[in-house]
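The values are calculated or read from the model by the stated rules, or taken from the named source; none is laboratory data. Note that the structure is predicted; figures quoted are calculated from it, not measured. Positions of Cβ are generated from backbone atoms using ideal geometry, with glycine treated the same way; all protein chains shown enter the neighbour counts.
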Protein chains: 2
Amino acid sequence: MDGDVAAEGRRGRRGRDARRAGRAEADRAPATPYIARKVPLTEVLSAEGLALIEANAETILAEIGVDFRDDAEAIRLWREAGAEVQGERVRLPRGLARHLLKTAPAHFTQHARNPARSVEIGGDNTVFAPVYGPPFVRDLEGGRRYGTIEDFRNFVKLAYVSPHLHHSGGTVCEPVDLPVNKRHLDMVYSHIRYSDKPFMGSVTAASRAADSVRMAELVFGADVVAANTVLVNLINCNSPLVLDGTMLGALRIYAATNQACIVSPFILAGAMSPVTAAGTLAQLLAEAMAGMAFTQLVRPGAPVVFGTFVSAVSMQSGAPTFGSPEGAQMLVAAAQLARRLGVPFRSGGSLTASKMPDAQAAYESANTLQPTVQAGVNFVLHACGWLEGGLCAGYEKFVMDADQLGMAAVYARGIDLGEAAQALDAIREVGPGSHYLGATHTREHFETAFYRSALADNNSVEQWEADGSHDMAARAHALWKRQLAAYEAPPLDPGIDEALQSFMAERKAAEPDSNV
Amino acid sequence: MDGDVAAEGRRGRRGRDARRAGRAEADRAPATPYIARKVPLTEVLSAEGLALIEANAETILAEIGVDFRDDAEAIRLWREAGAEVQGERVRLPRGLARHLLKTAPAHFTQHARNPARSVEIGGDNTVFAPVYGPPFVRDLEGGRRYGTIEDFRNFVKLAYVSPHLHHSGGTVCEPVDLPVNKRHLDMVYSHIRYSDKPFMGSVTAASRAADSVRMAELVFGADVVAANTVLVNLINCNSPLVLDGTMLGALRIYAATNQACIVSPFILAGAMSPVTAAGTLAQLLAEAMAGMAFTQLVRPGAPVVFGTFVSAVSMQSGAPTFGSPEGAQMLVAAAQLARRLGVPFRSGGSLTASKMPDAQAAYESANTLQPTVQAGVNFVLHACGWLEGGLCAGYEKFVMDADQLGMAAVYARGIDLGEAAQALDAIREVGPGSHYLGATHTREHFETAFYRSALADNNSVEQWEADGSHDMAARAHALWKRQLAAYEAPPLDPGIDEALQSFMAERKAAEPDSNV
């Protein structure tokens, strides 16, 4: 279709009712600030297979148990709940974890400071959040380097301007230029100041989790925070079968204040779990159930998410691999296990071991993102920006993945079967041997017809060569630079800003800088 | 895992029975020279939605009709079958096409000259065949250029040596250095001489289809060809709603000799079909049903495949786009329609509009390949090597995609739930807080545990830099060169070779070179 047709389409577009006499299988308009999936789920295990994994997880919990380390309060709570406790080892009688999880909500709202951006986590919904945790950043111009608070702010801004990201995330990169014991303040502040999307709290110490809650109270009001979930927080298990004191401390702060914990076994199969999918699934289910059940001991009804980060190590080098078929199988199976447990599920993303935004990065990321979306993952951390097995956040990769997230959303909305979409009149009008480029139906619908990639080059080879023969990474470099240059911060009440600044100043003055 | 553990594993690997006391959800060993899928299918439309599309397709066939051009015999057969014929326009009363298709087999065997490589097309099976049709080729060293018979042979050899390709394909590239009216002889010969996998016949003229059958008879024996399917052949529709004389001529030759036709609407939605998925699906179903039903008029019981090549044009430039969410939706929905019709289905591949093997090529290819595999496509043309919307066959892209096909096969085999895979003893042995790298179970299973990519770099950034900071395309360049250098032709009976050579010489001498 050439530009003339597009212009003609705009002129000729009649304001007639978008009446839908036919049935609509899916509503194409994104009415929610997250994905409300309309297509059927992809599965990989039968009900019988899932029951086998569940039985094995119960065996692991009952016979082997899970270590709850350096947290006397956790041990006390477990003893009270009827677990068999020896030192830090907690063995859960069959059925106890599943019983405790009956109080966990099937879905919950995470409120954003802009109510239009609040997200519903669980059910048929999918929320995309950016990369989490990399100490390094990379872009085509500056190469690979340690992340700084400026990089952190840049990624928050890029997530804010992307219509395809529903969440601002958490540690979008480590601001290594700030002291470890204080950087959480600047990270949480950056999410609040430079975005109005929902965000994550700090988990690196109980005191930092408490600071996160306090800052949220300054933004939302203490009464709102007491009654609602405004923070989602990543609690990793130390697989195999350990929850450490740092994570337990943060978990207890968040669960007690009704903020959401994502309890995530972090597993490279072959190293932290058996070298098979079935063994890994049983172990990760046991770990997730133990950690999630513990949130319900702290506060029955506290929102909790079944998290899974699972990949395989290379059996040749010991290095983590991503985008593997076994990783996809385990992701889809874990989503099935979470649904049977009745809790929201976190996994997936755009994962890769590649060091640069090349074809390896794209294949591996797509191989993770596709099962993520098709398995109905509810909260997708690392949805964009991942490089190098999570050690590095890539600027070009960030906007390349974001474009893919936009496509995933269109896929998940399903096929419109309304009368206009059925297009029988158009087929009658055009008939055999002609074309649809100038057809009335085409002119009326082309503007919303197909997803428009911001980065794909669909031109002829001649045009592409005339444009400089750039690869996608080069186009992505230009795009994120344009996006940052055009960024405008969302409004923030000056009184709230001041309160946040003075809280941060006070907390920073309270102790010397430290890098632990 | 380091090299020592690997070596130890080999030494320590005991020859104990691979007894499977537990239930196995899937058999991981590839017992067939194609993929026998064990995982559930992905779907995108409900039964109600599919019925709506089917009703619209019947409306199109009955009210609008399909043009069968330049083929008086086709018109005669349709008139006899009860269609309403006006000139070349054939209108099929509701239900006629579906009724005629009752004689089409649900699946069939395509025999290879090496019986161990014969493939089963249909049912739960998936067969991967390489790129088809590009006039240009590209590699990192030689750049983009017209394809030659040497390139053609190279791609046949690369498909032969890859364990992930089940089929040698057809026009892996156009050998532009040979005259159009004779190149089909060298193409078919190359598939026979340089591979022993199943292959495709020529469709560019009825006489060339007949030559393809004759050459197959020289290889398999005329009696074998008469009783079996040894050729699969791509019959494209001229969408919208036209089958032209060239394609009909080839179709009639193949169907009459019991060779398989893939009747494929070739649709860029917005240009050759309505700008919506629902409209496009109804049209492509109508086209496929009309063409497939025609094969049953020629010879009831002839093997036929429901083909679909569907993508969207850019509504900005008119250029074809690939890897789009709408393309994936239409692919999955068409697979559902084919299953309801009870015939094998062809679609998918590793499609991209990118001019080079960059991230765009990989995202788009993965976005096509994943739904292809998950929707249970039976015959996957363009499974590897596609660049530039099909105008160019890429050497690096060929081996990069082939690596992805290997991963897809592992995914499709599903999760092993046998007792050894459940690994409960391993979890007991390791317990909380340790690791699995040296565990007995790991040592016994690591060699077959995870798919090993030939091209992914999973090393540390330091190691990757020490190795030259190569992207995947550079590694792919080295790989295909190594593969071609190591290629050894499969044995071919010298008598058969001589018969083929003399048939070709005779046919070439029979008419002057021509480029039509």
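When residue B:178 is tested against (1) touching a residue at least 40 places away in the same chain (Cβ under 8 Å); (2) part of a loop (DSSP other than H, G, I, E, B); (3) surrounded by fewer than 22 Cβ atoms within 10 Å (Cβ to Cβ); (4) in contact with a helix residue (DSSP H, G or I) (Cβ under 6 Å, 6 or more places away or on another chain), exactly one condition is not met: (1).
The set of residues from segment A:59-85 being touching a Leu at 6+ places or on another chain (Cβ under 8 Å), surrounded by fewer than 22 Cβ atoms within 10 Å (Cβ to Cβ), within 14 Å of chain B (Cβ to nearest Cβ) and in a helix (DSSP H, G or I) comprises A:59, A:62, A:64.
Condition (residue is within 14 Å of chain B (Cβ to nearest Cβ), free of Cβ contacts under 8 Å to residues at least 24 places away in the same chain, in a loop (DSSP other than H, G, I, E, B) and surrounded by 16 or more Cβ atoms within 10 Å (Cβ to Cβ)) applied to segment A:86-101: is it met by at least one residue?
Yes, some residue in segment A:86-101 is within 14 Å of chain B (Cβ to nearest Cβ), free of Cβ contacts under 8 Å to residues at least 24 places away in the same chain, in a loop (DSSP other than H, G, I, E, B) and surrounded by 16 or more Cβ atoms within 10 Å (Cβ to Cβ).
For the residues B:36, B:7, the requirement of being of a type outside the set (Val, Ile, Thr) and at pLDDT 95 or above singles out B:36. Residues that are surrounded by fewer than 24 Cβ atoms within 10 Å (Cβ to Cβ) and in a strand (DSSP E or B) do not occur anywhere in segment A:287-306.
In segment A:432-443, what residues are more than 8 Å from chain B (Cβ to nearest Cβ) and surrounded by 20 or more Cβ atoms within 10 Å (Cβ to Cβ)? Correct list: A:443 only.
Looking only at segment B:458-490, residues that are surrounded by fewer than 16 Cβ atoms within 10 Å (Cβ to Cβ), touching a residue at least 12 places away in the same chain (Cβ under 8 Å) and part of a loop (DSSP other than H, G, I, E, B) come to 3 in all. When residue A:277 is tested against (1) within 20 Å of residue A:244 (Cβ to Cβ); (2) facing another protein chain (nearest Cβ under 10 Å); (3) free of Cβ contacts under 8 Å to residues at least 60 places away in the same chain; (4) crowded, with 24+ Cβ neighbours inside 10 Å, just one condition goes unmet, and that condition is (1). Of the residues making up segment A:292-320, those that are free of Cβ contacts under 8 Å to residues at least 60 places away in the same chain and within 30 Å of residue A:111 (Cβ to Cβ) number 4. Selection over segment B:147-168 of residues that are of a type outside the set (Lys, Arg), out of contact with any strand residue (DSSP E or B) (no Cβ under 6 Å at 6 or more places or on another chain) and either assigned to a strand (DSSP E or B) or within 16 Å of residue B:186 (Cα to Cα) (or both) gives a count of 7.
In segment B:248-260, is there at least one residue being of a type in the set (A, V, I, L, M, F, W, C), outside any helix (DSSP H, G or I) and farther than 24 Å from residue B:513 by Cβ? There is at least one residue in segment B:248-260 that is of a type in the set (A, V, I, L, M, F, W, C), outside any helix (DSSP H, G or I) and farther than 24 Å from residue B:513 by Cβ. Does segment A:128-139 contain any residue that is of a type outside the set (S, T, N, Q), under 15 Å from residue A:297 (Cβ atoms), crowded, with 18+ Cβ neighbours inside 10 Å and within 14 Å of chain B (Cβ to nearest Cβ)? Within segment A:128-139, not a single residue is of a type outside the set (S, T, N, Q), under 15 Å from residue A:297 (Cβ atoms), crowded, with 18+ Cβ neighbours inside 10 Å and within 14 Å of chain B (Cβ to nearest Cβ).
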